[in-house]
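Structure record follows, encoded as structure tokens.
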Amino acid sequence: MGSHSIQERLQAAREVCEDSGERFTPLREHVLELVIEDGGAVKAYDLLDRLKPDRGSPKPPTVYRALDFLSRLGLVHRVEALNAFIACDHSHEGDLAEFFICESCSRVEERHAHDHSDCKPKGFQINRSVIEHYGTCANCAQAAA
């Protein structure tokens, strides 16, 4: 997670929404806040359980719509292999999300890779890219040594 506070990150998200002409509804803001607070990859159903006391028992499609919205604006990323979401703090350079997933503790660290347009097949149009690396994080490697 970056060095920005949750409130600073939520304010930055409001600005992204305004710049995109989109509405940052209270539910969308709350979902993003929960993802940021989690600090790692969080599943939609875990968010749903945490939303229930505050939002009158929202249904799964409600959470998924909020996550899809946040993902479309680049405020969260989906970690495909874990079927989970991680907040993007935009404190890095690059265009594409790249994830390093520890197979021992399931910790996910996000970095951004640079544009891969120089290695794609001629004429191929990239709509979406997800790069996931699997291995062992430094903490788990040290614990195993």
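The values are calculated or read from the model by the stated rules, or taken from the named source; none is laboratory data. Since this is a predicted model, take the numbers as computed values, not measurements. So basically every Cβ, Gly included, is an ideal-geometry build from the backbone, and we count neighbours across all protein chains shown. Surface accessibility is based on the protein's heavy atoms, side chains included, excluding ligands, DNA and RNA. Shrake-Rupley method; radii C 1.70, N 1.55, O 1.52, S 1.80 Å.
The combined condition, being modelled with pLDDT of 85 or more and more than 12 Å from the chain's Cα centre (by Cα), is not fulfilled by C119. Scanning the stretch 1-23 for residues that are in contact with a Phe, Trp or Tyr (Cβ under 9 Å, 6 or more places away or on another chain) and hydrophobic (A, V, I, L, M, F, W, C) returns L10, A13, V16, C17.
Would you say G39 is open to solvent by less than 80 Å² (accessible area, probe 1.4 Å), at pLDDT below 90, of a type outside the set (S, T, Y) and within 16 Å of I86 (Cβ to Cβ)? Spelling it out, G39 is indeed open to solvent by less than 80 Å² (accessible area, probe 1.4 Å), at pLDDT below 90, of a type outside the set (S, T, Y) and within 16 Å of I86 (Cβ to Cβ).
In the stretch 11-35, the residues that are under 22 Å from L47 (Cα atoms) reach residues that are open to solvent by 50 Å² or more (accessible area, probe 1.4 Å) with C-beta atoms within less than 6 angstrom, at least six apart or across chains, in these pairs: F24/R14; L34/R50.
On inspection, L82 fails the criterion of being modelled with pLDDT of 90 or more, at negative phi and buried (at least 17 other Cβ atoms within 10 Å of the Cβ).
In the stretch 46-59, of all residues being under 18 Å from the mean Cα position of the chain (by Cα) and not charged (D, E, K, R), the one that is modelled with the lowest pLDDT corresponds to L51.
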